[in-house]
Each structure stands twice: as structure tokens, then as C-alpha cells.
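Here is the structure we will look at.
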Amino acid sequence: MKFGYFTLADNSPGYGARRRDPNQFLREVAEECVEAERMGFASAWVPEHHFGRFGILPSPAMFLTHVAARTRTLKLGPATVVLPLNHPLRTVEEFNLLDLLSDGRAVFSAGRGYDAGEYGPFGASFKDSRDVFDEQMEYMMAAWRKSPFEFHGTYYSTPEPLTVLPHPVQKPHPDVYVACFSKPSIELAARLRVNTIFAPFAAAMLYGSVEAAAQESKKLARDAGLVDQKVMCSYFVSVAHSDAEADRARERLLYYLHNVIPVLPQDRSTTPPHIAYFVDIVERLRAAKPGQLGDRSIVTGDAEHCIEVLKKCEAGGLSEVICYFNFGLLDHRETLRAMERFAREVMRHFEG
């Protein structure tokens, strides 16, 4: 099992006077991506968020192209492109270009997001995001799998057969992942014969554990004809050298989670049914205490415990875990130390 660096570049308004300078923060994230390669991480994953409502990185493809120029082996992935805010054809072009400029190191991941406040300024419909997203993914896979290609859907159509340039280095296209918070997303990934990525707490709500979610995802993929589906998950990570240090990591995570609540759907009467599960997530977050944040939420404790949790992921069929270190205002130097500690004490116990 491999490991990647992951961040949502969280800088919530709820952090108040402690909020980071956004420009400096993004420079630090770029440096953390570069250092991740030196430490032996296989990949770097950065988000798409807009208007400073929670995260502050608006263009993962542009950011990852910058990281590509400073690295040599690191896989470069978005976690994730909020696809309904983008045109699928332009997205294919951008990730083909990233794949070319990185000499075949691009990865693609897409989801619908969860913040209605990001949709309105782009003229996108939060209510219709499920149907739009499904069609966008179908469009992109058509563009990647056939050249020239045609597509005729409800929301998107090609006026004539189109050829997309440049071609990606990876054939027929970079690895593709669907970010899964619900069963329809897992079913979509299977239908399109692509990979899946989970957040462990969401997987636990759906199937009891991320390992069970991985097995269900792989089964649906096999039934659809994809025998070697890759399944990944993201995890908050903090290797602790004492119980007090682990407690501080859980407190920092709860601080982070409480500050994401304002951008999540909260009103069951107005939330579209296809994304109503976020209302349940909000209710659980509001009631949570730091001590309740266990292995389904965060990998923390001594190195032996972290290895134990992650070995279960490996045995459950996950091919990669992407690790979120700088959540909840962990500063840049502490983040680099946390990454180094994880690489030295945990990562070396895994092949890949």
C-alpha cells in the first residue's frame, strides 16, 4: 500500500484572528508537496475550493502543474475537482496537459462537493448536481476513451466529432477516481469502470468501515467488468509520542470539523435529497467529543497503533492512503515534522 500527502488547505472564517495569510499558506502547501516526494510519499493531492468559505485553493490543475515542475516522481492528484463548477471538456484538456508536462504523473479525481455557496457564483445548480455530475463523468470518459469522440446528453453535447489535444502521456488516460460519500457514487464508478476514493467516516456511515466499503466497491466494479479497481481513502494523521499529544490531535481535528459545518448542508427541509446525508453528518459532528474521534476518523497514537490501523486498510484492499497532516491550523514547520515522523516511523513498514 502506498501513501500520499493530502490537504484541503482549510482556512475557515471560523478560525478568526488565527486564520493564515492565504497567499503564504498556499506557498507552504507547495513546499509540503515538494518535501513529500523527498520523504518518500508517492503522491500529492490538493483541493478545489472557492471564495475562502473553507479551503482556499481554487485550481488544483494549475497548482499541480507548478508542483510538477519542482518534482520528478510524485503523482499529482486533485482531491477533488468539484466537477459541476467546471466544463468537462475543459477539464479533460487541463489534466491531459498536466499529464504531458509532468511526464505521465497526473491522476484525476472528481466529486460534487458539499457547499451550495460555491455553486451560485458559477451559475451551477446545487439541486441538480447529482444528475449533472453523472453526465459530466460520462462525457469525460467518452473524451478519454475515443478520439475523435461524440457525446449527446441532457446537459452537454458535442456539435460535431471532437479531438482533444494534447493527448495524455498515460494511455488511454490518467487513473480516474470518483470521490464517494454515497452508494450512487460507488455505483457510478463501477458503471464507468473507474476507481473510488473514500473518507473513512463516510465509508463507516455507509458500510461500517472503510474496508467494507472497499470490498463493496470492488465487487460492483468486478460485476461491471473492471477486475482491478483501485480503492483509496483519505485519513487525518498524527503520529503521537504520548497520550497527551494524541489528545491534542483529536482536539485539533474536532476544531477543524466544527469549522467545516457552516459550509455543509444543514436544513433537511431545503437540502436536495441526493445530498441529504450531509445533514446526518452535521448532526453527528455537533454532538462529537474529542475522545469519540477514533480510528474511523483519525489515525493517531504511537507508531505501532498507526501501523495497526493502516495494515487493516491494506488487508481490506486499499491501494493507497492519502494523509492529511496540516488540518486545523497546524503550522508549516510542525506539518513538515509530522510528515517526517510518519515517513520514518510508519510508512517504511509498508511496501510500495
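Please specify each residue of region 181-192 satisfying the condition of being in contact with a strand residue (DSSP E or B) (Cβ under 9 Å, 6 or more places away or on another chain) and either small (Gly, Ala, Ser) or modelled with pLDDT of 95 or more (or both). Correct list: Ser185, Ile186, Leu188, Ala189, Ala190, Leu192. Do we have any residue at all in region 138-153 that's of a type in the set (Lys, Arg) and under 20 Å from the mean Cα position of the chain (by Cα)? So far as region 138-153 goes, no, none of its residues is of a type in the set (Lys, Arg) and under 20 Å from the mean Cα position of the chain (by Cα). Which residues, counting only those in region 62-75, are of a type in the set (A, V, I, L, M) and in contact with a strand residue (DSSP E or B) (Cβ under 7 Å, 6 or more places away or on another chain)? Leu64, Val67, Ala68, Leu74 - these are the residues of region 62-75 that are of a type in the set (A, V, I, L, M) and in contact with a strand residue (DSSP E or B) (Cβ under 7 Å, 6 or more places away or on another chain). Identify the residue in region 284-302 that is among the small types (Gly, Ala, Ser) and more than 13 Å from Glu251 (Cβ to Cβ) and, among all such residues, is surrounded by the fewest Cβ atoms within 10 Å (Cβ to Cβ). That would be Ala287.
The set of residues in region 142-165 that are part of a loop (DSSP other than H, G, I, E, B), of a type in the set (A, V, I, L, M, F, W, C), surrounded by 15 or more Cβ atoms within 10 Å (Cβ to Cβ) and in contact (Cβ under 8 Å) with a residue 40 or more places away in the chain contains only Val164.
Within region 19-36, restricting attention to residues that are without any contact (Cβ under 8 Å) to a residue 40 or more places away in the chain and either small (Gly, Ala, Ser) or not in a helix (DSSP H, G or I) (or both), which residue is surrounded by the most Cβ atoms within 10 Å (Cβ to Cβ)? So the residue we want is Arg19. Restricted to region 37-61, and to residues there that are touching a helix residue (DSSP H, G or I) at 6+ places or on another chain (Cβ under 8 Å) and in a helix (DSSP H, G or I), the residue that is surrounded by the most Cβ atoms within 10 Å (Cβ to Cβ) is Ala61. Can we say Val178 is of a type in the set (A, V, I, L, M), closer than 24 Å to Asp223 by Cβ and touching a residue at least 60 places away in the same chain (Cβ under 8 Å)? It is true that Val178 is of a type in the set (A, V, I, L, M), closer than 24 Å to Asp223 by Cβ and touching a residue at least 60 places away in the same chain (Cβ under 8 Å). Taken over region 166-190, residues that are surrounded by fewer than 19 Cβ atoms within 10 Å (Cβ to Cβ) and part of a helix (DSSP H, G or I) amount to 3.
Among residues of region 312-343 being free of Cβ contacts under 8 Å to residues at least 12 places away in the same chain and assigned to a helix (DSSP H, G or I), the one that is nearest to Met39 (Cα to Cα) is Arg337. Could you list, in sequence order, the residues of region 87-132 that are acidic (Asp, Glu), part of a helix (DSSP H, G or I) and surrounded by fewer than 18 Cβ atoms within 10 Å (Cβ to Cβ)? Listed by number, the residues that qualify are Glu93, Asp131.
Inspection of region 194-204 finds a residue satisfying the criterion of being at pLDDT 95 or above, not aromatic (Phe, Trp, Tyr) and not in a strand (DSSP E or B). Within region 216-235, being surrounded by fewer than 24 Cβ atoms within 10 Å (Cβ to Cβ), in contact (Cβ under 8 Å) with a residue 12 or more places away in the chain and more than 19 Å from the chain's Cα centre (by Cα) holds for Glu216, Leu220, Asp223, Ala224, Gly225, Leu226. Here is a check on your reading of the model: is Asn86 over 18 Å from the mean Cα position of the chain (by Cα) and closer than 21 Å to Ala179 by Cα? No. Gly14 meets each of the listed conditions (1) touching a residue at least 60 places away in the same chain (Cβ under 8 Å); (2) at positive phi apart from (2).
The values are calculated or read from the model by the stated rules, or taken from the named source; none is laboratory data. Quantities reported herein were computed from a predicted structural model and do not represent experimental measurements. Quick reminder, even Gly has a Cβ in these numbers, built from the backbone with ideal geometry, and neighbours come from all protein chains shown.
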